[in-house]
Amino acid sequence: MKRFAFRLERLLQLRERAERTQAAELGAAMRAEETQRQSLELAEEALERAAGQGAHAANEPLTAGTLQSMEIAKQAMATRVEAEAEALTAATEKRGVEQAVWQDKRRDRRAVEKLKEKRLETWREDVSRDEQKTIDGLAQNRRPNEESV
């Protein structure tokens, strides 16, 4: 009896490797997105603190230079929040692209796996059929010998 040999085994291995590589890239993109989300939250908190300091300082007499410095700091924080939001949007888009590529690679690997499963099932049926023919042949060869005795 012949062993099962799947001629596309190398292709299946390459697709599995490509899927694992893409999964790693997707994981990195997801981590980058999460890091960017945390950076945005920190920037928003800093902006809120800067705005709160300005409101709190309104009760106290301050020099024009101090007020101007506080306003520049708030504007800088607002600019940082905008930059972090843009970076988060870019990271989210990159994650989406990486996820789509990963899904494609997963689908490609799964298609070859299904083909392997079908061919294995066909091979098993053929082996079973051949074994049954062999058994039937042996049974037919035994009967004439038993009848002549």
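The values are calculated or read from the model by the stated rules, or taken from the named source; none is laboratory data. Since we're looking at a predicted model, the values are computed, not measured. Note that we place each Cβ from the backbone using ideal geometry, even for glycine, and neighbour counts take in every protein chain shown.
List of remarks:
- In the set (1) in a loop (DSSP other than H, G, I, E, B); (2) surrounded by 13 or more Cβ atoms within 10 Å (Cβ to Cβ); (3) not aromatic (Phe, Trp, Tyr), the condition left unmet by residue 25 is number (1).
- Checking 98, 113, 71 one by one, the residue that is in contact (Cβ under 8 Å) with a residue 12 or more places away in the chain, of a type in the set (D, E, K, R) and crowded, with 16+ Cβ neighbours inside 10 Å is 98 and no other.
- Cβ-Cβ under 9 Å pairs, at least 6 apart or on other chains, region 125-142 side acidic (Asp, Glu), far side exposed (fewer than 10 other Cβ atoms within 10 Å of the Cβ) and at pLDDT below 90: 130/1; 131/1
- Which numbered condition residue 78 misses (of (1) modelled with pLDDT of 90 or more; (2) exposed (fewer than 13 other Cβ atoms within 10 Å of the Cβ)): (2)
- Verdict on residue 107 being in a helix (DSSP H, G or I), at pLDDT 95 or above and exposed (fewer than 13 other Cβ atoms within 10 Å of the Cβ): yes
- Conditions (1) out of contact with any Asp or Glu (no Cβ under 7 Å at 6 or more places or on another chain); (2) assigned to a helix (DSSP H, G or I): number failed by residue 3: (2)
- Candidates 144, 61 - the one that is modelled with pLDDT under 95, exposed (fewer than 10 other Cβ atoms within 10 Å of the Cβ) and outside any helix (DSSP H, G or I): 61
- Filter result (among the charged types (D, E, K, R) and touching a residue at least 12 places away in the same chain (Cβ under 8 Å)) within region 16-26: 16, 19, 25
- So residue 13, is it in a helix (DSSP H, G or I), polar (S, T, N, Q), within 30 Å of residue 116 (Cβ to Cβ) and touching a residue at least 60 places away in the same chain (Cβ under 8 Å): no
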